[in-house]
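Student: Sharing a structure below in structure tokens format, with a few things to ask.
What follows is calculated from the coordinates using simple rules that are stated; it is not laboratory data. Because the structure is a prediction, the values reported are computed rather than measured. When we count neighbours, we look across all protein chains shown, and the Cβ atoms used for this are built from the backbone with ideal geometry, even at glycine.
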């Protein structure tokens, strides 16, 4: 067995940035209508707080798909049409942006392989997480060693959906169907993803219980409509 490496994981809030309302204030999304200079300042601050050069952060153009990319060095701009990114390169931080979707951070600390995944309703339904696990395996990870954090997202009690949508997602992501606080059909994507991971052989799964819709320190598209994006970041310490 190899020596284990140190894995870092960070989840941001909306506090302490340069963006004005309704993106106030630590918005890291460059695709939501915010001032480009404010987003650039926020991203520079994120890199500085992480102790990394700005070009060591890898960003994705998230499209609610299941494409998983493997990277071995800095990426100019961002990965086009990608919802999961994997690396075995130390000091390369992988970033996923959300405002209700589930950010998933994965790591095999023995192989030194990490992944960041954007798992919203559509991506979870079409299998973005299994695609990420497959890409991690190809990069040298072993699913039995993988540790996972399911980050803050909208909870099942808040995520009301039409009955036919609930049925469809449950068919593809078993365990996600639930009832909302109002007693209506809902989706608990973290519950469905947890079952999917467990069924794939992942034994170490942690959940950040915060609901983006309920927690005002987090961005929520459902609560606010036009809003910013928080980041979940993971990397292997050099």
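Student: Under the 0.36 nm per residue contour assumption, what length would be gained going from the current alpha-carbon distance of residue 31 and residue 198 to full extension?
Tutor: So the extension gain works out to 56.8 nm.
Student: Out of (i) 11.8; (ii) 17.0; (iii) 13.7, which label holds the value of mean projected area of the Cα convex hull in nm² that was computed here?
Tutor: Label of the calculated value: (i).
Student: In whole angstrom, note down how far apart the Cα centers of segment 209-238 and segment 59-116 are.
Tutor: What the calculation gives is 16 Å, centre to centre.
Student: Let me ask you something else. How many angstrom lie between the C-alpha centres of segment 163-202 and segment 119-161?
Tutor: What the calculation gives is 13 Å, centre to centre.
Student: Go through 20-33, 72-85 and give me the packing order, highest mean Cβ count within 10 Å leading.
Tutor: Packing order, densest peptide first, comes out as 20-33, 72-85.
Student: What does DSSP give for segment 7-236 in terms of the percent of beta bridges that are antiparallel, rounded to the nearest 5?
Tutor: 70
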